Protein chains: 2
Amino acid sequence: MSSSQRPHLVIVGGGFGGLQVASDLEGASLDITLVDRRNHHLFQPLLYQVATTLLATSEIAWPIRRLFRDRREVTTILAEVEGVDTGAKTVRLTDGASIGYDMLVLATGATHTYFGHDEWARVAPGLKTLEDATTIRRRLLSAFERAEIETDPAVRDALLTFVVIGAGPTGVELAGIIAELAHSTLPKEFRRIDTRAARVILIEAGPRVLAGFSEELSAYAHRALEKCGVEVRTGQRVTSCTETGLAMGDEVVASRTLVWAAGVQASPAAQWLGIEADRAGRAIVEKNLTAPGHPDVFVIGDTASLLREDGTPVPGIAPAAKQQGAYVARVIRARLDGRAEPGSFRYRHQGSLATIGKRSAIMDFGRFKVKGTLAWWIWGIAHIYFLIGTRSRFAVAWSWLWIYLSGQHSARLITQKEIAEEDGPVTPPKGAP
Amino acid sequence: MSSSQRPHLVIVGGGFGGLQVASDLEGASLDITLVDRRNHHLFQPLLYQVATTLLATSEIAWPIRRLFRDRREVTTILAEVEGVDTGAKTVRLTDGASIGYDMLVLATGATHTYFGHDEWARVAPGLKTLEDATTIRRRLLSAFERAEIETDPAVRDALLTFVVIGAGPTGVELAGIIAELAHSTLPKEFRRIDTRAARVILIEAGPRVLAGFSEELSAYAHRALEKCGVEVRTGQRVTSCTETGLAMGDEVVASRTLVWAAGVQASPAAQWLGIEADRAGRAIVEKNLTAPGHPDVFVIGDTASLLREDGTPVPGIAPAAKQQGAYVARVIRARLDGRAEPGSFRYRHQGSLATIGKRSAIMDFGRFKVKGTLAWWIWGIAHIYFLIGTRSRFAVAWSWLWIYLSGQHSARLITQKEIAEEDGPVTPPKGAP
């Protein structure tokens, strides 16, 4: 589609990885087409705050084309990719059009998976898109509203029982804020129900919460969650999710609000390329992040599978995607300049962070670990730093400051009808394991 | 539903009128139930700014129950009313429940009407709810996105033609911002289309724009719109709206984005009560705002019809609804205290305001009229003043300041699927004239 003689790089996906590639190639002698099926880049680490009424949608999402308005060589396209023809070197779009490339970066991310139980998606939405977040927000707030007018005590109790499935960072963060919403923010606003009696249950199949952290920090987080009023249930496997609750083997929990934070499934980049994928569907890539047999195709971020030198996988988090994006930009620059390419990609783990409720967090920087209020402040400042643009930094800082001072959440809106669960890509990619 | 011996006031509708009644009755010896089908009060005068990407949804909407959290005698219910039994003195909800009242205030507002062409609603959404606003925002932004990848020049031109039908304040404000978006904000972000070539057409059946203002201010607004790049077409009646454009008699305009800002239809309060309504479906009320024959039922705001002493109707604007709400609260207090009720309701017109684009406005305070940038500043400060709560005032002020300094809009998100048009109450009430 590029009419110039300069090489044409196509980047699919405007997440952290894809944006980093485009950003780091500023001034390079090539044309870039950036394709995404959404018009906005989403700051996913804070998406749970939209789902739990702390932040507004526009505070964590930015129009992608806005970010590159001053880069005349970057063309942004709102379109959905459905395949790659590596022979013809084209990317196929769902609208029938195709885009030719000289080099291709697939940074298409991941979504949640229900481990073969796609029928759970309707009753237990996951959290990957803005629509997912507003769906969860609507269900949370509606449950309290319906409980206020419900006359059947059993139904009312089910409406006031909130279950989060999966105790990774997202699950822990969701459960903490939901508990805080029920126990601190809402009580004075209802007349017939006592929202402080609401149950928030966090279910984890593994032996402990936040398994990616050290046992000590994990145990701290467990205690901090219980202090927030969250019932933590580790070593429990969900066997059924329905509109009236869920089952863990013989035990049944009556709940009208389930949230899914358990499984991750890569986008189908590996299938598009016809290359090997790992169990989660991630494309297994070479040490320079190219697809095996396709030196002009890079796969990065949550949709790529790569082992570190110590045999552990590169984690599916924003800093890893950004490092991979920066590395790919260096490889491409070297190729354009005819220089030797950099050595294998090496992931540098900068630390792990997770928040519990509104005042506590844990951080693990390897040798030094921080927990409690100090960690929460570091977490907050770091996240504001990584937001894009002065406007958003200021807006989020103001929202948080307001919540901190007033205890009031700013985005408690019930909007849309019950459709958004069809909006997210909840179906695992065809043919994925 | 009130279990105490105090009189029970039911207020249906949490708009400007309903909230004013509840607010002004603080400390009065009665129980209040406030019913709304949405969980939020909406600051409708700024809704067009959400539709045109200037503001975020949560900046102009507040959870109703939050506003009354410290008023223990006020119970807020999220429910939809479908009728009133004035004999039994109950309000009927769509879920089958009913609420008994001693006194009732119907402040249920109005929606748009298509003058018998309900089939136009799908292609030309109106602007009454947050979902309407995000629908229009999505269509606006999607039209530019689709134009960027469209290869057929005729379709591209239709995608870059935006039509607003109706040149009252909402239509004028929408057209001005859309033109500004196309001509100033977006041009640098697109590579294949020139958004400055986009056409924005404002169609008005009457002889002039902003007919509620003096001829001089109306003429000024007309010129200001043209200066913004809006094509103003007065004295033109739309005869057909379809997915590919609209017709005005023999003239056809190819457009993929139509916005309806033409007709207003009251909610069915008059039907619920079985009382006379005017042409727009508004309940014709007594001079003390009660329904004829029902001294315990008040009808206020956009769903009430009342003539002023000079024979002109009380306008359907926020200040009128608030004045009526305040008046009804005074009547109720007098009744509770056994005092003489205040005399007839008298509407005091405080002035009319409308903005054109981002830098100009007109205001008519009767004897003195202001136009241009000064009017715009007065308009902005007045609107920030009327927002609810420090947080929103600050957030909106910051958004506007940011737009003013950077020229960038803050809420340019395409969200949801094409469903929101089913969300708004676009069908005129059954049996309305």
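Just so you know, all these numbers are worked out from the coordinates, no wet-lab data involved. Note that the structure is a prediction, hence the values are computed from the model and not measured. Here Cβ is always computed from backbone atoms with ideal geometry, including for glycine, and neighbour counts include all displayed protein chains.
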With Cα atoms, 0 to 90° folded angle of helix A:215-228 axis to chain A main axis: 50
Inter-label distance for residue A:393 and residue A:408, nm, one decimal - labels placed 7 Å from Cα along Cα-to-Cβ: 2.8
For a label point 7 Å along the Cα-to-beta-carbon line of residue B:386, residues of the range B:210-234 with backbone N under 18 Å: B:210-214
Sites residue B:346 and residue B:23, calculated FRET efficiency, Cβ-Cβ separation with R0 22 Å, nearest 0.05: 0.60
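On average, how many beta carbons from a partner chain sit within 10 Å of the beta carbon of a residue in A:187-194?
Neighbouring Cβ atoms belonging to other protein chains average 4 per residue here.
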Crossing angle, helix B:390-406 versus chain B [Cα axis fit, 0-90 degrees, rounded to tens]: 10
Within the protein assembly as shown, percent of DSSP bridges classed antiparallel, to nearest 5: 50
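Ordered by packing density, taken as the mean number of other Cβ atoms within 10 Å over each peptide's residues, highest first, how do B:270-279, B:9-18, B:361-370 rank? Walk me through the numbers before you get to the answer.
Values: B:270-279: 18.2, B:9-18: 28.0, B:361-370: 16.7.
Taking the mean over residues of other Cβ atoms within 10 Å, the ranking is B:9-18, B:270-279, B:361-370.
What net charge do the residues around residue A:39 carry, taking every other residue with its C-beta under 10 Å from that of residue A:39, with Lys and Arg at +1 and Asp and Glu at -1? Mind showing how you got there, number by number?
Details: positive: A:37, A:38, A:65, A:66, B:138, B:412; negative: A:36, B:145.
Taking every other residue near residue A:39 into account, the sum is +4.
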Additional length obtainable on full extension of the chain from residue A:330 to residue A:254, 0.36 nm per residue less Cα span: 22.0 nm
Theoretical gain in end-to-end length, residue A:71 to residue A:378 [0.36 nm per residue, Cα-Cα removed]: 107.2 nm
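Ignore the peptide's own chain and count Cβ atoms of other chains within 10 Å of each Cβ in B:127-133; give me the average, rounded. Write out the running numbers ahead of the final one.
Working: counts 0, 0, 1, 4, 3, 0, 1.
Average neighbour count from other chains, rounded to a whole number: 1.
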Virtual spin-label span in nm between residue B:122 and residue B:226, 7 Å along Cα→Cβ: 3.8
Angle in degrees between helix B:373-386 and the longest Cα principal axis of chain B, rounded to the nearest 10: 40
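What fraction of the DSSP beta bridges in the range A:9-115 is antiparallel, stated in percent and rounded to the nearest 5?
Close to 45 percent.
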Partner chain coverage, peptide A:53-65 - average Cβ within 10 angstrom: 5
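Using helices alone, what [θ] at 222 nm do you get for the protein assembly as shown, with -39,500 (n - 2.57) per DSSP H run of 4 or more residues, divided over all residues and rounded to the nearest 500?
On the way: 22 runs with 254 residues, N = 866.
The per-residue figure over the protein assembly as shown is -9000 deg cm²/dmol.
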For residue A:354, net neighbour charge (Lys/Arg +1, Asp/Glu -1) across residues whose Cβ lies under 11 Å away: -1
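Hey, with R₀ at 25 Å, roughly what FRET efficiency would residue B:194 and residue B:234 work out to, going by the Cβ-Cβ distance, to 0.05?
Working: r = 28 Å, r/R0 = 1.12.
The formula returns an efficiency of 0.35 here.
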Residue B:288 versus residue A:365: modelled label distance in nm, points set 7 Å from Cα along the beta carbon direction: 7.2
DSSP beta bridges in chain B [antiparallel fraction, %, rounded to 5]: 50
Local electrostatic count, residue A:315, Cβ distance below 13 Å [Lys/Arg +1, Asp/Glu -1]: +1
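Suppose every Lys and Arg Cβ carries +1 and every Asp and Glu Cβ carries -1, with no other charges. What dipole size does the protein assembly as shown come out with about its Cα centre, to the nearest 20 debye? Can you show the working numbers first?
On the way: 98 positive and 94 negative charges, 491 e Å.
Value, rounded to 20: 2360 debye.
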